[in-house]
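Right, one structure below, let's go through it.
The values are calculated or read from the model by the stated rules, or taken from the named source; none is laboratory data. Fair warning: this is a prediction, and the values are worked out from it, not measured in the lab. When we count neighbours, we look across all protein chains shown, and the Cβ atoms used for this are built from the backbone with ideal geometry, even at glycine. These area figures cover heavy atoms from the full protein model, side chains too; ligands, DNA and RNA do not enter into them. Shrake-Rupley method; radii C 1.70, N 1.55, O 1.52, S 1.80 Å.
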Amino acid sequence: MTAVIIDGAGRYLLARHVAGDRWGFVGGGIEPLEDPRAALRREVKEELGLEVDIVLVVDSYGGGDLTNEYPNGDVVSYVTTVYLCHLAEEPPILETEELSAVGWFFPLEIKQLDRFEWIDRVIDDIGPSLNGLDSAQTAPVHAIT
C-alpha cells in the first residue's frame, strides 16, 4: 500500500528511495494478518517518523511501471492500493536504509524530478480533489468509512 501525503497547500510529500534512487511516495507491505490501514500507518511511522490521517482510498495501481529491482537482485512486480493522507507539517525522520531524502513538491515540480513514473497516474487521479475534499470530485476516489 502507498501513502499519498498532501499538505494544505496542495504539495505532495515525496521521498527519494534508496532502491531505484528515484522520488516516490512512501508505503510498503502488509504483515501477516495486519489491517491494510494499520500497515500504512506503521510504514509511514517507520519510514518518516510521522503519524498520518487516512482520508480516502484513491485507487489500486499495477502494471509494468510497478516493477522494481532491489539492491539484493530481487525483481518484483506489485499492485498497490493508494490512500490519500494528511499530516502535520513537521520535520520527517528518515529511515535511511530505504530513503535518502524527503521533500514537499507541487505537481508541476514533481514532473521535473527523477521519479518512479507510476506516481504520475496517481497525481493525475487525485488532481481535482486537491481543491477541497468537500467539493465535487472527478477523480476516482473512494471514501474510507
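Out of the residues in the range 4-34 meeting the condition of being within 19 Å of Val76 (Cβ to Cβ) and among the aliphatic types (A, V, I, L, M), tell me which one is modelled with the lowest pLDDT. If we take residues in the range 4-34 being within 19 Å of Val76 (Cβ to Cβ) and among the aliphatic types (A, V, I, L, M), then Ala19 is modelled with the lowest pLDDT. One residue stands out among those in the range 63-89 that are open to solvent by 30 Å² or more (accessible area, probe 1.4 Å) and of a type in the set (Ser, Thr, Tyr): the one that is nearest to Phe116 (Cα to Cα), which is Thr67. When you check Arg37 against the structure, is it farther than 23 Å from Phe105 by Cβ, surrounded by 14 or more Cβ atoms within 10 Å (Cβ to Cβ) and at pLDDT 90 or above, yes or no? Against the criterion (farther than 23 Å from Phe105 by Cβ, surrounded by 14 or more Cβ atoms within 10 Å (Cβ to Cβ) and at pLDDT 90 or above), Arg37 qualifies. Yes or no: Leu13 farther than 20 Å from Arg121 by Cα and either buried (at least 16 other Cβ atoms within 10 Å of the Cβ) or in contact (Cβ under 8 Å) with a residue 60 or more places away in the chain (or both)? No: the conditions fail for Leu13. Scanning the range 43-62 for residues that are more than 14 Å from Thr80 (Cβ to Cβ), outside any loop (DSSP other than H, G, I, E, B) and open to solvent by 50 Å² or more (accessible area, probe 1.4 Å) yields a total of 3. Condition check for Gly29 on (1) assigned to a strand (DSSP E or B); (2) surrounded by fewer than 17 Cβ atoms within 10 Å (Cβ to Cβ): one failure, at (1).
Restricting the range 60-80 to residues that are touching a helix residue (DSSP H, G or I) at 6+ places or on another chain (Cβ under 8 Å) and among the polar types (S, T, N, Q) leaves a set whose member that is nearest to Asp120 (Cα to Cα) is Thr80.
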